[in-house]
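Everything on this sheet refers to the single structure shown next.
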Amino acid sequence: MEAAELETHVRYRTLRVGVGDPTIASHRGEIVKNTGDGFIAVFETPFDALGCAIELQREMAAHESARVPERRIAFRIGIHWEPVIFDLNDVYGGGVNLAVRLQSIAPPGGVVVSAAVLDATGNAGELPVEDLGHVRLKNLQQPVHAFSLRLPTLERGGGRGMSTRAPGWLKLPAIAVLPFRTLAGAAEHAVLGDWLAEEASRSLSRSNLMAVISHWSSRSLSAHPIDMATIRSSLGVDYCVSGTLRVVSDEIVLDADLLDTMSGRILWTRQFTGPMRKFLSASAEGVSEIVSAVGRAIADDAIAHLSERQLSELEEHRLLLAAVGLMNRSSLRDFTKSRELIEELLRRAPHAAEAHAWHGKWHVLSVFNAWSGDPAKDTQKAIDCAARAVDIKPDSAFALTIDGFVHNNLLRRMDIARTRYDEALRRNPNEPLAWLLSGVLNAFQDDSDEAVAAVEKARRLSPIDPFQYFYESLSATVLMSAGRYEEALAFADSSLQRSEWHISTWRTKIVALHYLDRHAEAQVAAHELLARQPDFTIDAYRHNHPAADYEFGRRVVRALSAAGIP
């Protein structure tokens, strides 16, 4: 009996780490408590929780399908949507108890949700539900209105041949940040390394390009020597961050390594230093430096693999990161290559909403920066890609954001763009691209105060460096709209150092220089713009730009005209 129990526990642990943790991370969730034969996870939005539960049950059914029914391990899942209270090693609140009680009435392999979840999502991921009525649950005084999701895959029995890829799922690179070991400092500094690793994990998890393993899972390995094979098998990650921490007086010295867990290669070794307030303040600049360095290194590593292998040999997560990284480089050759990578992704995962959304963004940039040989065709392609992404995953904040981007930049439908951005932020208040583009939309409509606040929040939320030129460019646009020309110029110059082909950044630089009375430099910038887009004219700007009819657009026209743009 004891041997059977041990075998079951080992199998459960393997499934939890190999299936549960990556699935939860890919839906921006985090395991906050282990309960022996179960766990409690929290999510950014109810859409994330619902999507994770559906995918997790499908993945579990696929992994256990080869076993006879009586030997299969099956999860019961309960979901409730309500704020919770976090403590150092636990999570509390009535919502936690309610979710646990809902789990207890779920069938093996099933999902039971509260009415609050359905109210918050408006549907159940397009799956039918069975109304269980108002049920009485243990230790709860009032009955709870509950619903059981009817999962088609599970109803079919999860037989052999069932795809292990849930519709709309794209494998993301998985990363774990292990607690940093404190080597020197006072006794109260012992928890600092753990806290910094947790903050870095939270920041990385906001990215649409990474799956971040729960800090609770990473913490379980922190007491052991670093062994890549163990980390990869235990956590199922592609990359790992580890390191040590020293506190000397009021200074923090953090030595960190980023490792490829498959090969054991150290991708970089960095030292991050600064006063304690740099790491512990609300802005947490020190944590942001760590996160940006991680994002940049992983993207560069993905791009480096392009020269070593055929596309068919590249892992999906490297295809995605390389595509996005190349899309944001200054070379037109790199930009063109990024489309090839995205299309390879779509061949492998035709129902991945994120891949369709990135494809749509590629076509927007192609048209908006005048790189397209057929703007009408690429405009329609952008519309189709964004619409397809939303059709596949209507609760995806990223897909909604890209659809808004298409409507604003290509169709001049700022009303629809506003609706999309607002809906994206309702579904995920931490979607940085939605904040960024919403801020630009405010700037176009002459609401500069709201615009500046939105882009500042976007920059705080965005941890991935390949986008930095884009965030800096649009930050320059917004600051220009607010009349903060010196700051706008600084952001524009920084952006152009990263990507000199982004035409709108040159426009912003011209405008900032003009209103700073640096007219000769504005003329030089106008010459640089025309060298990159010889057919650019003021009439074309008036005809194509969504802000041309606002004061924002009129100010741009005056500056461009004075700088010599025809």
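The values are calculated or read from the model by the stated rules, or taken from the named source; none is laboratory data. Predicted model, so just to flag it, every value in this text is computed and none were measured. Cβ placement follows ideal geometry from the backbone for every residue including glycine, while neighbour counts extend to all protein chains displayed.
Can you name every residue in region 259-282 that is of a type outside the set (G, A, S) and over 27 Å from K457 (Cα atoms)? Full working, then the answer.
Of all residues in region 259-282, those of a type outside the set (G, A, S) come to 259-262, 265-273, 275-280.
Residues satisfying the conditions are L259, D260, T261, M262, R265, I266, L267, W268, T269.
The set of residues in region 531-566 that are closer than 23 Å to S499 by Cα, of a type in the set (F, W, Y) and outside any helix (DSSP H, G or I) contains only F536. Within region 343-370, the set of residues being assigned to a helix (DSSP H, G or I) and either on the phi > 0 side of the Ramachandran plot or surrounded by fewer than 21 Cβ atoms within 10 Å (Cβ to Cβ) (or both) comprises E343, E344, L346, R347, R348. When region 71-103 is filtered for residues that are among the aliphatic types (A, V, I, L, M) and more than 13 Å from I40 (Cβ to Cβ), the ones remaining, listed by number, are I73, A74, L88.
Of everything in region 177-190, what is in contact with a strand residue (DSSP E or B) (Cβ under 8 Å, 6 or more places away or on another chain) and either among the acidic types (D, E) or modelled with pLDDT under 85 (or both)? Give them in sequence order. So that I can check it myself, show each step before the final result.
Restricting attention to region 177-190, the residues satisfying the condition of being in contact with a strand residue (DSSP E or B) (Cβ under 8 Å, 6 or more places away or on another chain) are 177-178, 180-186, 189-190.
Result: T182, L183, A184, G185, A186, H189, A190.
Kindly indicate whether I252 is farther than 17 Å from L204 by Cβ, in the same structural domain as L196 (by TED's automatic domain parsing), in contact (Cβ under 8 Å) with a residue 40 or more places away in the chain and touching a Ser or Thr at 6+ places or on another chain (Cβ under 9 Å). Let's see the steps before the verdict.
Details: farther than 17 Å from L204 by Cβ: yes; in the same structural domain as L196 (by TED's automatic domain parsing): yes; in contact (Cβ under 8 Å) with a residue 40 or more places away in the chain: yes; touching a Ser or Thr at 6+ places or on another chain (Cβ under 9 Å): yes.
So I252 fits the description; yes.
Screening W216 on (1) at pLDDT below 70; (2) out of contact with any Lys or Arg (no Cβ under 8 Å at 6 or more places or on another chain) shows it passes everything except condition (2). Candidates are the residues of region 1-35 that are of a type in the set (D, E) and farther than 30 Å from P432 by Cβ; the one that is modelled with the lowest pLDDT is E2.
Looking at region 264-272, can you tell me whether even one residue there is assigned by TED's automatic domain parsing to the domain that holds T244 and at pLDDT below 85? Yes, region 264-272 contains a residue that is assigned by TED's automatic domain parsing to the domain that holds T244 and at pLDDT below 85. Every condition in (1) under 24 Å from the mean Cα position of the chain (by Cα); (2) surrounded by fewer than 16 Cβ atoms within 10 Å (Cβ to Cβ); (3) at pLDDT 80 or above holds for G38 except the one numbered (1).
Remark: G109 matches the filter, which requires a residue to be part of a loop (DSSP other than H, G, I, E, B), small (G, A, S), at pLDDT 80 or above and under 30 Å from D391 (Cβ atoms).
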